[in-house]
Amino acid sequence: MTASGENNAGSADPILSAGLPSDKRRSDDPVAAVLAACREHHGEEQLTALETVLLRRRELADVGSERALRRTVTLAELRLDPPTLIASALALVGIGLDGNAAIEAGPETPSLTTGVELDPEVGGLLEGVERLAAIHWDALDEESAESLRRMFVAMAADVRVVLITLCDRLEVIRELRLIADADVRRRIAGETREVFAPLANRLGIWQLKWELEDLAMRELEPVMYKEITGKLANKRIERQRVVDKVISTLESELANIGVLAEVNGRPKHIYSIVNKMRRKGVGFEDIYDVTALRVIIDAEEEPAGKRDCYAVLGMVHGLWTPISGEFDDYVARPKDNGYASLHTAVVGPGGEPLEIQIRTRQMHLFAEFGVAAHWAYKEGKRAAAKRAERFNLLRQLVDWQKQLVDPKELAEALKTDLFGDQVHVFTPDGDVIDLPEGATPLDFAYRIHTMVGHRCRGARVNGVMVPLTHKLRTGDRVEILTKKQPEPSRDWLSPHLDYLHTASAKQKVRHWFRQQDRDQAVISGREALERELSRAGVGAVELGDLDALAWDHDYKTGDDLLAA
């Protein structure tokens, strides 16, 4: 077992004390750092091509090349595969010191790859990255919807494209203080907090999420950021003594029950502390998990690992008094991004409240690296892609791309369905369904299937009949009662009645009524046409003739002409 407390106790900025290395703590040799990480996680696969591209990029010695190398180091630390690292090293994308997007395939790119045998995937990744780099993330509104659509398409096709984009944004926000224009800095920080940090969270990449959030907050809320940083620093030494004592106790007790595990402590990150203060309406002193300890269990088999997690939880609650209302079981019910862990808060030595997280090594890998962890397994690209298909997020993206036509609906879906807080509810068969916080049984019905939603007449939650406006909570078991024929109500679309919360469900109801209105218009149009033809003594028009007539009048089909 190993133990480690909070690093860099005297650091003025806690962003530099944990997680991925900042510029100040990076290796002086980014090429060596990338190659070492890649060799550790992927062996010698494509290492020669990667090394050649990295060395040639370093020889250029310009600002864009330096950023490309730093970005590639981060991706290597996230255990991404060689094609991703090569694409990152080749792409020159990002935001310049004037705050404008700087996108360039680069006239020197051919010279970087001359004589290098590249994996065919590299070209596709490079093209996807450069397309995403052209997006202007000014606001999450209707105007930016087409940009969001392009991002969704890229993610559904290959999530590695978005991982490169996220790491590039991390480099931008790390260098934010170099941009002179304060308005530009705030715009970039706002985009980072509204788009990129939530995206990292939904992909499960804690390592990126926390740093994006904290650095954005440092720009957007400097007073609050400085206040919390100061309070953390004031009690750092005292808190470290408590952490060391708890780690020592945990190590001893783990040995006694025969569980092999690593125990370490880390500081809570600034933005998450402030977020919890605001959510609970409490002060800094009332936040229980300012310091969190992790117990990472080394278990060969997943069932045994889960059993050990609960055994350790019982041990912890036997050592210290648990704090009421501060327990979360993400092992039995993982978060929608795949995160699994047990969270508990206890009154530690000296009355110091502490959060303790308990997870297996595999859970920890996923918690740190999220979707990027799929490429850390030495099991081939096909198997990694199969793992990635399990992400609810990616499945939603594919569905949205098919369903959401209106740009305004797409922007709304981003704000509610994708980046909002989630609840996890169960079907009668025990399957987990992830929905945004505020979702109703009707949202649940439409998530199951469009026709289940259209035919919904009522719902039971935990065996009790509830109105369709009932707000679902994590752990609820939901049963939908249906009628034989689909009969959605226009009331379901009323924002004042709160029947529906998710943009995707609203879109399905709108589509139903648009289709019904069109069908009725076609029927009315055909009846009107037949009346006029009868008056003129002309027989019924054949469908083929009607289609030809429609084409002559700039309509696609005869039904389109009749509906008009």
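The values are calculated or read from the model by the stated rules, or taken from the named source; none is laboratory data. Here the structure is a predicted model, which means the values were calculated and not measured. Ideal geometry is used to build each Cβ from the backbone, glycine not excepted, and the neighbour counts take in all protein chains shown.
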Test: residue in segment 482-497 that is in contact with a Ser or Thr (Cβ under 8 Å, 6 or more places away or on another chain) and not assigned by TED's automatic domain parsing to the domain that holds Tyr339: yes
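Results for (1) touching a helix residue (DSSP H, G or I) at 6+ places or on another chain (Cβ under 9 Å); (2) in a helix (DSSP H, G or I), shown as yes or no for each residue.
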| site | (1), (2) |
| --- | --- |
| Glu219 | yes, yes |
| Val223 | no, yes |
| Ile228 | yes, yes |
| Ile237 | no, yes |
| Val282 | yes, no |
| Ala299 | yes, no |
| Val316 | yes, yes |
How many residues are at pLDDT 90 or above and within 24 Å of Arg185 (Cβ to Cβ) when one looks only at segment 74-103? 1
Exactly one of Ser272, Ser252, Ser248 is closer than 20 Å to Glu194 by Cβ and polar (S, T, N, Q), and that one is Ser272
Selection from segment 205-217 of residues that are touching a Leu at 6+ places or on another chain (Cβ under 9 Å) and either at pLDDT 85 or above or not in a helix (DSSP H, G or I) (or both): Ile205, Leu208, Lys209, Glu211, Leu212, Leu215, Ala216
Look at Val282 and say whether it is modelled with pLDDT of 90 or more and either more than 30 Å from Leu220 (Cα to Cα) or out of contact with any Leu (no Cβ under 9 Å at 6 or more places or on another chain) (or both). no
Of the residues that sit in segment 330-364 and are part of a strand (DSSP E or B) and not hydrophobic (A, V, I, L, M, F, W, C), which one is nearest to Glu285 (Cα to Cα)? Pro353
So the check is Cβ under 7 Å with 6+ separation or different chains; which pairs have a first residue in segment 481-500 that's free of Cβ contacts under 8 Å to residues at least 12 places away in the same chain and a second one that's surrounded by 11 or more Cβ atoms within 10 Å (Cβ to Cβ) and part of a loop (DSSP other than H, G, I, E, B)? Asp491/Leu497; Asp491/Tyr499
